[in-house]
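Chemist: Have a look at this one.
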Amino acid sequence: MNGPALPSRKTDSLRTGPRPGRPAALVAGAAGFLGSHLCTRLIDDGWRVYGVDDFHTGLARNLLHLADHPDFVFMEHDIRRPLPKIAGLARVWNLACPASPPHYQDQPIRTATTSVVGTLNLLELATQADARFVMTSTSEIYGDPEVHPQPESYRGCVNTTGPRACYDEGKRMAEALCYDFVRQYGTDVRVARVFNTYGPRMRLDDGRIVSNFVAQALTGQKLTIYGSGRQTRSFCYVDDLVEGLVRLISVDRRPDGPVNLGNPEEYSILEMAEMIGRLTGRRISTTHDPLPADDPRRRRPDITLARQLLDWQPMVPLRTGLAATIDWFAALLAEEGRLAATKPAAEVNGAATRRREPAGGAALPLGLAAPEH
């Protein structure tokens, strides 16, 4: 389900665009899970936002709540091609790359070039505009880690030729480009190494643990566990992650290197399966498939640097965030007629705090417009 069809015109302005006088931010990957939440947060904070996405994995429905907002303009665009200049641009956010293994491995060359060529284009745009730039890198930088938890100083244990390399190495090259721009041009670059994040607006076919387990539980399927299920992950709710990203770009002194953003609490895959079974009110069973190549055995961020530099740490408890995520998936599956008969009964009353989303545009297609020149 990709949401309503969008107008075919890519650059014809269908409305007046953001109100003048507000600082401008560009969000690449705006129709994605994280990007759409970031767009909402920035508009709430008083920015005029230019969202960019090519809908390779982003979904139009993720931005419908902003479709008629006076401070939001959307442009369908592949960041592997240069972007036009935007008047008053002060912030550039790069969230444009498939992040789940099934999606980034589906077209590996596109994944790698989005990370490298796309990041290069956005860095050039930010440098010309003298704008601050945030690159969302990934915990996949660390590969199957030999150091636990993973601090930013750890250089990783990765397979440069394996099926995950298009993403891992693409992000590593993107980081290298970021700091080359710092050294060569003095660009104000901040790099976030994002660990597993979950919440409303994840794709049903995202292919990662939370979305897989929740969708399978709500549709009455067996939960698919890869390998023994004893491998571990950490899970950060989307509101916490967005708060970390905003603090990273807002802090006056640019951090010297990347900053981990994620939740330092660690859970095994089996523990997650049991928890989601309880929260969905389902009696679940599991099936085991082979562990994918180069899948990390343990993954947990050391967020000491984020605490020190940004005064940031996750605040939303896992059960609270999962309850909000389950509610969202249940509504989506019910709309598609795929929700199993048993009504979800979350242990937690009340979902995680959601930011107020601007009214208007709930049932309207997005207006596509070219950024200001």
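The values are calculated or read from the model by the stated rules, or taken from the named source; none is laboratory data. Given the structure is predicted, the values throughout are model-derived calculations rather than measurements. Cβ sites come from the backbone with ideal geometry, for glycine too, and all protein chains shown count toward neighbours. Protein only, heavy atoms only, side chains kept; ligands, DNA and RNA dropped before computing areas. Shrake-Rupley method; radii C 1.70, N 1.55, O 1.52, S 1.80 Å.
Chemist: Say a paramagnetic label sat at a point 7 Å from the Cα of D205, along Cα to Cβ; which residues of segment 293-337 have their backbone N under 16 Å from it?
Modeler: What the label zone holds, given the 16 Å backbone N cut-off, is 333, 336.
Chemist: Where does the chain land at 222 nm, in deg cm²/dmol rounded to the nearest 500, when only DSSP H runs of n ≥ 4 count, each adding -39500 (n - 2.57), divided by all residues? Each step should come with its number before you reach the end.
Modeler: Details: 10 runs with 116 residues, N = 373.
After summing the helix terms and dividing by the residues of the chain, the value is -9500 deg cm²/dmol.
Chemist: State, to one decimal in nm, how far the label point of C157 lies from the label point of T219, with both points 7 Å from Cα in the Cβ direction.
Modeler: It is 3.5 nm.
Chemist: I've got another one for you. How are the C-alpha pair distances of segment 124-165 spread across 5 Å bins, as whole percents from the shortest bin up?
Modeler: 5, 19, 20, 14, 12, 12, 12, 5, 0
Chemist: Kirkwood Rh, Cα Rg: Rg to Rh for segment 179-220? Please report the intermediate quantities before stating the final value.
Modeler: Details: Rg = 17.9 Å, Rh = 13.2 Å.
When Rh is taken as the Kirkwood radius, the ratio is 1.35.
Chemist: So what is the accessible area of the chain per residue, in Å², with the probe set to 1.4 Å?
Modeler: On the way: 15510 Å² over 373 residues.
Here the per-residue accessible area is 42 Å².
Chemist: Given a Förster radius of 35 Å and the C-beta distance between R230 and D106 as r, what FRET efficiency does 1/(1 + (r/R0)^6) yield to the nearest 0.05?
Modeler: Numbers: r = 28 Å, r/R0 = 0.80.
That gives a FRET efficiency of 0.80.
Chemist: If I ignore ligands, DNA and RNA and count only protein heavy atoms, how much of E265 is accessible to a 1.4 Å probe, in Å² to the nearest 10?
Modeler: 90 Å²
Chemist: Return a whole-number percent for the relative contact order of the chain, with Cα pairs under 8 Å and 6 or more residues apart as the contact set. List each step's numbers first, then the result.
Modeler: Values: 800 pairs, mean separation 86.2, N = 373.
Computed over the chain, the figure is 23 percent.
Chemist: Only Cα pairs within less than 10 Å get springs; with that Gaussian network setup on the chain, which residue of D256, D188, D53 has the largest fluctuation?
Modeler: D256
Chemist: Here's another thing I want to ask about it. If the chain between R283 and T304 were fully stretched, how many nm would it gain, using 0.36 nm times the residue separation less the Cα-Cα distance?
Modeler: Numbers: separation 21, 0.36 × 21 = 7.56 nm, distance 3.87 nm.
Extra length available between R283 and T304 comes to 3.7 nm.
Chemist: While we're on this one: Protein chains only, probe 1.4 Å: how do R155, R190, R80 rank by accessible area, largest first? Don't jump to the answer; show the numbers that get you there.
Modeler: On the way: R155 200, R190 0, R80 80 Å².
Accessible-area ranking of R155, R190, R80, largest first: R155, R80, R190.
Chemist: Eigenvalues of the Cα gyration tensor times 5, then square-rooted: what semi-axes does that give for segment 111-268, in whole angstrom, largest first?
Modeler: Details: eigenvalues 179, 60, 50 Å².
For segment 111-268, the semi-axes come out at 30, 17, 16 Å.
Chemist: On to the next question. Count the DSSP beta bridges whose two residues both fall in the chain, then state the antiparallel fraction as a percent rounded to the nearest 5.
Modeler: Values: 2 of 39 bridges.
The antiparallel proportion sits near 5 percent.
Chemist: Right, something else. If you take Cα extents along the principal axes in Å from the coordinates, which of (i) 56, 46, 38; (ii) 84, 56, 42; (iii) 67, 46, 40 do you get?
Modeler: (i)
Chemist: At what distance in nm do the modelled label points of E274 and M315 sit from each other, each positioned 7 Å from its Cα along Cα→Cβ?
Modeler: Spacing of the two 7 Å Cα→Cβ label points: 3.1 nm.
Chemist: Taking springs between alpha-carbon atoms closer than 10 angstrom, which of G46, G143, G58 fluctuates most in the Gaussian network model of the chain?
Modeler: Among G46, G143, G58, the largest GNM mean-square fluctuation belongs to G46.
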